[in-house]
Structure formats: structure tokens, C-alpha cells
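Worksheet: one structure, shown below.
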Amino acid sequence: MLYRKMPKNGDKLSILGFGCMRLPVKKDGSIDEERATEQVRYAIDQGVNYIDTAWPYHMGESELFLGRALTDGYREKVKLATKLPSWLIESRKDMDKFLNAQLEKLKTDHIDYYLIHALVGDLWDNIEKLGVADFLDNAKVDGRIINAGFSFHGSVEDFKRIVDAYPWTFCQIQYNILDEKNQAGKKGLEYAASRGLGVVIMEPLRGGNLTKTVPQVVKYIWEEALIKRSPAEWALRWVWDHPEVTVVLSGMNEGEHIHENLKIAGEAYPNSLTEDELQLIKKVGQKYRELMKIGCTGCRYCMPCPSGVNIPLCFELYNNLYMSSNTGNVKFLYAEHLSGTLSVGETRYASQCTQCGQCLEKCPQHIDIPAMLELVVEKLEGPDLEKRVSMVKDMFKQI
Ligand code: SF4
Ligand code: SF4
């Protein structure tokens, strides 16, 4: 296992972190506790020392599971990360209420890396007004948390604003070979590092889209490489090639993937890919973009939309529908991210487009945005949207 230093505190963290959002489950959907415990402990025995969970994962069961799995001396071997469910916070008091409940669920007296979960610009504005800085300062002083950070899904402008708004130790962003210019992206990664923040990466395989069903044309490109590696290995190595990256999270639930990830995490040094390899990965990225039905780069020049539509996210999910063939998962994500459950309550659906045309001139890719949004409505909304939204609400609120 290779380790990298958290810049502000010198913690030596394994470059591979264990994400506890996709633990192995039984037929009824509950966590397969025996297998999950075995996997988490095996990874720790092999050198993983960063474990990440959050309040809503596995309907609130992930934290409880970890509280049990990290007994027998395992808690002391790791840095534990969990997150404040920012979308559920209505008052300053709520922040302490959730943190105290999390300490109890995790059977620990401190959280090593505590994040404000899933921030976007408006969610940050809300939680900042409610006194999150005071909450974090106090929780650090009384020892309930050691390091403060945030995870992020919004625009790079909002990302920079949040980086500068508090003396964070670290942040967590989505980053992979297709998201260099999406969300915080490369600019955000470099900005955070320039401000001395450690950066934890989530979705290095874009939720499995880069590995589960690799299109034949993409396979042909990977085959051009002199050294043969799996798509997962290329994607992970590309992320680790960035010296600004501290830890890469992987939501592991199969023995084979754990072994493969551990092996790669023993070899992936920063700046270790050759120029030819980087070019090859770029070619794969370009091919994926060609395969995407809508050529949206996620630049967000079209935003904000006066009707509140989250245009780039609508297009990202629509493209994922064709890249992953996992319709159910993409439709669920659509309900999760656009229903307002994870923001300050405003919906951002494609069907809210009034065809005003304001966004058209702003798109450097010349996408006919209103027309494309109609396709999104057709594929990702429909009569079952309400049912999906209520499932999401159950999952994120009633825990
Ligand atoms: S055309 Fe639709 S998506 Fe574009 S700005 Fe107007 S309402 Fe928003
Ligand atoms: S301006 Fe165009 S390319 Fe950029 S996010 Fe909007 S739709 Fe996508």
C-alpha cells in the first residue's frame, strides 16, 4: 500500500480509501454483515487506513455497521470519515444533534475526518448562515471531530468560494477521466491543493460506468496500450497520477475488486504515467464523449436557468443512460439529485424548461438545450418519477 500525506496535519493516509456506500448486501437489500466485515477488515489488514461513510448510506445502516465492524482493535487502525447531512439541517442545534448521534452509531468518541455532505452553492449559503463555522470550531475544540472538510457536487466557482470560506483540512470531489471539466474538476483539484487542502476523490470509476459495460470501440483503444491493464486500473491510475490527490475512495463489495484495487494502490505513484499512456487515456475520454448522446462538457456556461433546470446534470444523467445501460440506477439518481431532496428544496427537473431560449447562445457546444431537455423528460421522468422521489425522500430523510 502506498501512502500520501494530508498536507495540513501530516497524517499518512493510504491512497486507497474504503467507501462504505456500496457494501455487499443480502437478497432483502440489507447489509451482508458477515461479508462486509470480512472485506473491511481484510482491506485494513492490507494497509487501508481511511474508511468513509455517511449518515444516509444504506438507509442509515452503514454507520451502525461500521460501529460493529471496527471493534477488536480495528477502530484504532484507521482514520474514520463521516458526514453531516447538510440537507437535513434546519438550525445550529441540528448540527450537534447529528454529530452526537453519529458518534453513538459509530461507537467512537471522535470522527477523524468530518465532512459537510454533498454541498452545492445554495446548500452552503444556507448552512453557513445557520452557523456551521461555529459548529465545526466547537466540535474541534471539544475533540468530537479532528479535521473538518466538505464533499462537493456543484460548480467550480462555488467550490472555490467554499474552499476560501473556512480553514478546511480537506475536501472530497468527484473526479475521473470523464469529469476533468465537470463539477470541481481539475481546476478545483488544483485550487484546493494550492490552498493546502488534502483532496479525497469519489467516483473514480464514475459509479462503475467506466468499467461495467465498456463499449467495444473503447476496448479497442485500451488494447493499443503497450502494458495491458483493465479499464478500472487505467482509470484509477489516472486519478492517482495527480500529485494533488490524497486518497481515492472505492466502494468495494467484491473480493476480486478489492484484490485488484489493493494491488494497484501498491504501485500507483504520482506522475508515473507516460506521455503515451496519458494520450491513450485522453483518446478513451474523447471516444466516450463521442458516444454520449448529448455533447455536453459540463462547463455550466448555460447556468443558471431562470426556471431552475439543472441543465448539465440532466445531460450527464441522460448520457449515463446510454453509457452504462443501468436504466434503474440512472433514473434513481435523477430523482435523487433533481427533486430538491439534496438541496434547499427546489426541484431542478428538465420538465421545468419553459423554452425561453436564454441558454441557447451561451452554450459553446451549440447544443439545442430545450430540445435535448425534452429527450431527458421522455427518458428520465414519466409516471414513476413521484414514486422514485418518495423512495429517495424515505432514504435521505426518515432515518
Ligand atoms: S430554454 Fe429552458 S433550459 Fe434554457 S434557460 Fe430557458 S427555461 Fe432554462
Ligand atoms: S453550456 Fe452547453 S456544454 Fe456547457 S453545461 Fe450547458 S449545455 Fe453543457
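Tabulated results
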| read-out | value |
| --- | --- |
| Residue that is nearest to Tyr349 (Cα to Cα) [pool: residues in segment 279-309 that are open to solvent by less than 30 Å² (accessible area, probe 1.4 Å) and away from ligand 1 (no atom under 16 Å from the Cβ)] | Met292 |
| Residue in segment 110-125 that is open to solvent by 20 Å² or more (accessible area, probe 1.4 Å) and touching a His at 6+ places or on another chain (Cβ under 7 Å) present | yes |
| Test: residue in segment 310-324 that is in a loop (DSSP other than H, G, I, E, B), touching a Leu at 6+ places or on another chain (Cβ under 7 Å) and either over 23 Å from Thr53 (Cβ atoms) or within 16 Å of ligand 1 (Cβ to nearest atom) (or both) | yes |
| Selection within segment 65-84 - at negative phi, open to solvent by less than 40 Å² (accessible area, probe 1.4 Å) and not hydrophobic (A, V, I, L, M, F, W, C) | Gly67, Tyr74, Arg75, Thr82, Lys83 |
| Residue selected from segment 364-399 under the condition in a loop (DSSP other than H, G, I, E, B) and of a type in the set (Asp, Glu), by the criterion farthest from the chain's Cα centre (by Cα) | Asp368 |
| Unmet requirement for Pro167, which otherwise passes all of (1) over 13 Å from Val245 (Cα atoms); (2) in contact (Cβ under 8 Å) with a residue 24 or more places away in the chain; (3) more than 14 Å from the chain's Cα centre (by Cα) | (2) |
| Unmet criterion (only one of (1) farther than 24 Å from Val214 by Cβ; (2) touching a Phe, Trp or Tyr at 6+ places or on another chain (Cβ under 7 Å); (3) more than 16 Å from ligand 1 (Cβ to nearest atom)) for Asp384 | (2) |
| Segment 283-309 residues that are aromatic (Phe, Trp, Tyr), paired with ones that are open to solvent by less than 20 Å² (accessible area, probe 1.4 Å) and not in a loop (DSSP other than H, G, I, E, B) (beta carbon under 7 Å, 6 or more apart) | Tyr288/Val218; Tyr288/Met323 |
| Test for Trp87: is it open to solvent by less than 30 Å² (accessible area, probe 1.4 Å), at pLDDT below 95 and out of contact with any Gly (no Cβ under 9 Å at 6 or more places or on another chain) | no |
| Criterion violated by Ser62 - all others in (1) in contact with a Cys (Cβ under 8 Å, 6 or more places away or on another chain); (2) hydroxyl-bearing (Ser, Thr, Tyr); (3) open to solvent by 50 Å² or more (accessible area, probe 1.4 Å) satisfied | (3) |
| Scope segment 347-363; condition assigned to a loop (DSSP other than H, G, I, E, B), open to solvent by 60 Å² or more (accessible area, probe 1.4 Å) and touching a residue at least 40 places away in the same chain (Cβ under 8 Å); matching residues | Thr354, Cys356, Gln358 |
| Every residue from segment 305-323 that is farther than 28 Å from Val217 by Cβ and either among the hydroxyl-bearing types (Ser, Thr, Tyr) or within 11 Å of ligand 2 (Cβ to nearest atom) (or both) | Cys305, Ser307, Val309, Asn310 |
| Filtered residues of segment 209-257 (kept if outside any strand (DSSP E or B), within 26 Å of Cys171 (Cβ to Cβ) and open to solvent by less than 10 Å² (accessible area, probe 1.4 Å)) | Leu210, Trp234, Ala235, Leu236, Val239, Trp240, Met252 |
| For Ala54: the one exception among (1) farther than 24 Å from Val132 by Cβ; (2) open to solvent by less than 40 Å² (accessible area, probe 1.4 Å) | (1) |
| Residues of segment 134-154 that turn out to be out of contact with any Asp or Glu (no Cβ under 9 Å at 6 or more places or on another chain) and either under 22 Å from Met303 (Cα atoms) or open to solvent by 40 Å² or more (accessible area, probe 1.4 Å) (or both), as a count | 7 |
| When residues of segment 170-205 are limited to those that are assigned to a helix (DSSP H, G or I) and in contact with a Phe, Trp or Tyr (Cβ under 9 Å, 6 or more places away or on another chain), the one most open to solvent (accessible area, probe 1.4 Å) | Lys187 |
| So Val377, is it β-branched (Val, Ile, Thr) and either surrounded by 20 or more Cβ atoms within 10 Å (Cβ to Cβ) or within 14 Å of ligand 1 (Cβ to nearest atom) (or both) | yes |
| Residues (out of contact with any Phe, Trp or Tyr (no Cβ under 8 Å at 6 or more places or on another chain) and part of a helix (DSSP H, G or I)) located in segment 157-169 | Glu157 |
| Answer residue from segment 333-346, given it is assigned to a helix (DSSP H, G or I) and either open to solvent by 40 Å² or more (accessible area, probe 1.4 Å) or over 20 Å from Asn209 (Cβ atoms) (or both) and is modelled with the lowest pLDDT among those | His337 |
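The values are calculated or read from the model by the stated rules, or taken from the named source; none is laboratory data. Every value quoted in this text rests on a predicted model; they were computed, and no experiment measured them. Virtual Cβ from ideal backbone geometry, glycine too; neighbours counted across all protein chains shown. The area values use the complete protein model at the heavy-atom level, side chains included, leaving out ligands, DNA and RNA. Shrake-Rupley method; radii C 1.70, N 1.55, O 1.52, S 1.80 Å.
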